[in-house]
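Input: a single structure, listed below in C-alpha cells.
The values are calculated or read from the model by the stated rules, or taken from the named source; none is laboratory data. Keep in mind that what you see is a predicted model, and the values were worked out from it rather than measured. Every residue, glycine as well, gets a Cβ built from its backbone with ideal geometry; the counts of neighbours run over all protein chains shown. Side chains are part of the model used for accessible areas, which takes the heavy atoms of the whole protein and leaves out ligands, DNA and RNA. Shrake-Rupley method; radii C 1.70, N 1.55, O 1.52, S 1.80 Å.
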Amino acid sequence: MSTATRSLPRTVGAHAILLTYTAIALFPVILVIMNSFKSRAGIFGAPLTPPTPKTFDLIGYTTVIGQGDFIHYFQNSLVVTVASLFFVLLFGAMAAFALSEYRFRGNSLMGLYLALGIMIPIRLGTVAILQLMVASGLVNTLTALILVYTAQGLPLAVFILSEFMKQVSDDLKNAGRIDGLSEYTIFFRLVLPLVRPSMATVAVFTMIPIWNDLWFPLILAPSEETKTVTLGAQLFLGQFVTNWNAILAALSLAIMPVLILYVIFSRQLIRGITSGAVK
Amino acid sequence: MAAETRPKRPTRWHIGVFLAPALLVYTAIMILPLAGTLQLSLFRNIEQHQIFVGLENFRTLFGDPNWSVGFWNALRNNTWFFIIHMLVQNPIGVMLAALLSSPRLRFAAFYRTAIFVPTILSFVIVGFAWKLILSPLWGVAPHMMDLVGLKSLFTPWLGKEQYALTALSLISVWQFVGIPMMLIYAALLSIPEEVIEAAECDGITGLSQFWKIKLPLILPSIGIISILTFVGNFNAFDLIYTAQGALAGPNYSTDILGTFLYRAFFGFQLQVGDPNMGAAIATMMFLIILGGVCVYLFLVQTRLRRYQF
C-alpha cells in the first residue's frame with residue numbers, strides 16, 4: 001500500500017481509540033476473574049487491584065465446587081455441544097455437497113428452503129417443539145437439546161459449506177470418478193479433507209451459540225440430571241446472590257473454558273470470518 | 001431427484017442419501033414446529049380440547065388490556081432496544097473496523113481478538129458480570145466514576161425504570177460489537193487495492209477516503225449487519241432474563257418480546273401459562289422478523305447490489 005495514508009498523529013489516534021475500546025471490552029472480564037481469587041474483604045475493599053498475598057483467597061472456588069454440581073453440568077454441556085456439532089458438520093457437509101456438486105431438479109429451491117432457517121430463528125417454534133418433545137418423551141433428555149441444536153445449526157452450515165465446496169476442483173473429483181470411486185468415497189475421502197478449514201470455521205460459529213444457549217435448556221431440559229453449564233450457572237447465581245465470592249468464582253469458572261478455547265481457535269475463527277465465509 | 005443432466009445414470013440415489021439427514025432433522029425440528037406454532041395460535045384450549053377459534057387469540061392479544069398493554073410495552077421496548085443497537089453498536093463496529101483495517105497497523109491481531117472476547121461469552125456471564133459492576137453494593141462503577149469526577153451522575157441504572165432498558169441495551173451492545181466489527185473488517189479487506197490506489201492518486205486520503213470510497217463499498221455489509229441485528233434483537237431473551245428475571249423489572253420496563261413470550265407461554269406468579277397465547281405472540285414475532293427480512297431482501301439488498309464487485 002502507499003505511504004500517503006500513514007501519518008504519526010493518525011497512527012497514535014488509531015491506537016488510542018483501539019486501546020480504549022480494548023480496555024472497555026476486557027475490563028469486566030478481567031475484573032470478575034481477578035476478584036474471584038480474593039477474600040470478601042478484598043473484593044469490597046479494593047475491587048480494582050489484583051489479588052495480593054493478603055487478599056488472596058480461594059473460598060469462592062471451594063464453595064462453588066462443593067455446592068453446585070458443576071462438573072456434571074459441564075459434562076452435559078460438553079455432550080450436547082460435541083454431539084450437535086458432529087451432526088451439524090456431518091449432515092451439513094453432506095447436504096452442502098449434494099447442493100453444490102449435483103445439478104438436479106429443485107436444487108436451488110432446496111437451497112432456499114434450507115437457507116430460510118438462517119433468518120428465521122428456531123426459537124419462534126418453541127411452543128410446538130416442546131409439544132413434540134413431550135409427545136415423543138424426550139423432555140429432560142440431552143437428546144432433545146441435541147436435536148434442536150442440530151436443526152438450528154444446519155442452515156448456516158449448509159450455506160457456508162456449499163460456498164466452499166464449490167471451490168473444490170472438479171478435475172480432482174472427476175479423476176476420482178474415472179478411477180472408479182463411488183460418490184460417497186469422493187465425498188468422504190476427497191472433498192471433506194479439502195474443506196476441513198471451512199469446517200473448523202463452521203464448527204466455531206455453531207459451537208458458541210449452543211454452548212451459551214439458555215432458552216432451550218430452560219424449556220426442554222431443566223431437570224437436575226440434564227442441566228447444562230449455562231443453565232446451572234444461571235440458577236446457581238440466582239441462589240447465591242449474597243455470596244459474592246461464590247458468584248465471582250462461578251462466573252470465572254464459566255468464562256475460563258470458553259476463553260481458553262477462544263484463544264486457541266481465535267485465529268481460525270477470525271480467518272473464517274475475514275475470508276468471506278459470511279458474505 | 002430424477003436425473004436429467006447426466007443421462008447415463010437414471011436415478012442418482014446418492015443425492016437423496018446426502019440430502020436426507022439434513023432435510024429430515026431440519027424439517028422435523030425446525031420447519032414443522034414453526035408451522036405448528038403458527039397453527040396453534042389459531043386454536044384455543046377449551047375444556048381440554050383444542051378448538052379452532054380463528055383470529056380470536058390475536059383479538060385477545062390486541063384487544064384485552066391484560067394482554068395488549070404488555071404486548072405494546074414489549075414491542076416498544078424492543079424497538080428501543082433495536083434503535084440503540086443501530087445507533088451505538090453498528091457505528092462503533094464500523095469505526096473499529098475502519099481503524100483496524102488501516103494499513104500496517106501494529107497489534108491489529110491483538111485488538112481484533114480482544115474486542116471480540118465479549119461476543120463469545122454467554123448472556124449469563126455478561127448479564128451477571130455487569131449486574132455486579134453496576135451494583136451500588138460493590139461500588140465499582142461509582143468508584144470509577146469518582147476517578148473522573150462524575151460520581152454525582154451514578155445511580156443504580158438497572159434498578160431505575162427510566163434507565164434500565166437503555167443500560168441493558170448498552171450492555172448488549174458491549175457484548176455484540178465484535179460482530180459488526182468483524183464483518184465490516186472483512187468487507188474492508190476485500191476492497192481491491194486498485195480502487196484505493198486510484199483514490200490516492202486523486203488525492204483522496206484519510207477520512208474523506210473512508211466516507212467517499214470505502215463506505216459506499218461496504219454498504220452491502222452494513223445492510224447485512226442491520227438485518228442480523230434486527231433478527232437478533234427481536235428474538236432476544238437471555239440477557240434480560242439473566243439480568244432482570246422473567247418479570248423484566250423494574251415494573252416491566254425492560255420487557256421485550258422474548259420475555260413476554262416466555263411469560264405467556266410458561267406463566268408467572270398467578271397467571272397460568274397458555275401455549276396458545278404463547279403461539280400467538282410467537283406468530284407476531286415471526287411476522288415482525290419476516291417483515292424485516294422482506295424489507296431487507298426486496299428494498300435494501302436490490303438497491304445495494306449495484307455496488308458489489
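Brief remarks on what is shown
- Heavy-atom accessible surface of the protein assembly as shown: percent carbon and sulfur, 1.4 Å: 67
- Each residue of region A:131-148 was assigned a 3J(HN,Hα) from its phi angle through the Karplus curve 6.51 cos²θ - 1.76 cosθ + 1.60 (θ = phi - 60°); the sequence is 4, 4, 5, 5, 4, 9, x, 9, 4, 6, 10, 5, 4, 4, 5, 4, 4, 5 Hz, with glycine and proline shown as x.
- For region B:31-140, the residue among B:G70, B:P33, B:G93 whose Cα projects farthest onto the positive side of the dipole built from Cβ charges is B:G93.
- Charging the Cβ of each Asp and Glu at -1 and of each Lys and Arg at +1, and nothing else, the dipole of chain A about its Cα centre rounds to 740 debye.
- Global form of chain A, assessed from the alpha-carbon gyration tensor, a/c cut-off 1.5: oblate
- Normalised by the number of residues in chain A, the mean separation of alpha-carbon contacts (under 8 Å, six or more apart) gives a relative contact order of 28 percent.
- Backbone N atoms of region A:68-111 closer than 20 Å to the 7 Å Cα→Cβ label point of A:V241 belong to residues A:68.
- Cα convex hull volume per residue for chain B (Å³): 223
- Comparing A:L235, A:V82, A:Y113 along the charge dipole axis of region A:63-277, the residue lying farthest to the positive side is A:Y113, per the Cβ-charge model.
- Residue-averaged beta-carbon neighbours from other chains (10 angstrom radius) around A:101-111: 4
- Charging the Cβ of each Asp and Glu at -1 and of each Lys and Arg at +1, and nothing else, the dipole of the protein assembly as shown about its Cα centre rounds to 1040 debye.
- Across the protein assembly as shown, Cα-Cα pairs farther apart than 38 Å form 36% of the total.
- B/A buried area, accessible surface, summed, 1.4 Å probe, Å²: 9100
- Extents of region B:191-285, largest first, come to 71, 26, 15 Å (Cα atoms, principal axes, whole angstrom).
- In the protein assembly as shown, lysine pairs closer than 24 Å at Cα, eight or more apart or cross-chain: 11
- Placed amide H near A:K38: partners under 5 Å, 5+ positions off or other chain: A:D57
- Each of A:G176, A:I160, A:L99 was scored by the projection of its Cα onto the charge dipole of chain A, and the greatest displacement toward the positive side belongs to A:I160; charges sit on the C-beta of Lys, Arg, Asp and Glu.
- With contributions of -39500 (n - 2.57) from each DSSP H run of at least four residues, the per-residue ellipticity at 222 nm computed over chain B stands at -19500 deg cm²/dmol.
- Candidates per trypsin sites (Lys or Arg not before Pro) in region A:145-195, loop by DSSP, up to 13 other Cβ within 10 Å: A:K166
- Efficiency of FRET between A:T20 and B:E194 - r from beta-carbon atoms, R0 41 angstrom, step 0.05: 0.75
- Average accessible surface for region B:210-282: 32 Å² per residue, computed with a 1.4 Å probe over protein heavy atoms with every protein chain in place.
- FRET efficiency for B:A109 and B:L153, using Cβ-Cβ distance with R0 set to 25 Å, rounded to 0.05: 0.10
- Residues of region B:112-126 buried by at least 30 Å² of accessible area upon assembly of all protein chains, compared with the chain on its own (1.4 Å probe): B:T113, B:A114, B:I115, B:F116, B:V117, B:I120, B:L121, B:S122, B:V124, B:I125.
- Shielded residues, region B:22-38 - accessible-area loss of 20 Å² or more between chain alone and all protein chains, probe 1.4 Å: B:A22, B:L23, B:V25, B:Y26, B:I29, B:M30, B:I31, B:P33, B:L34, B:T37
- Site-free segments of chain B were taken between trypsin sites (Lys or Arg not before Pro) in DSSP loops having at most 10 other Cβ atoms within 10 Å, sites themselves excluded; the longest one is B:107-309.
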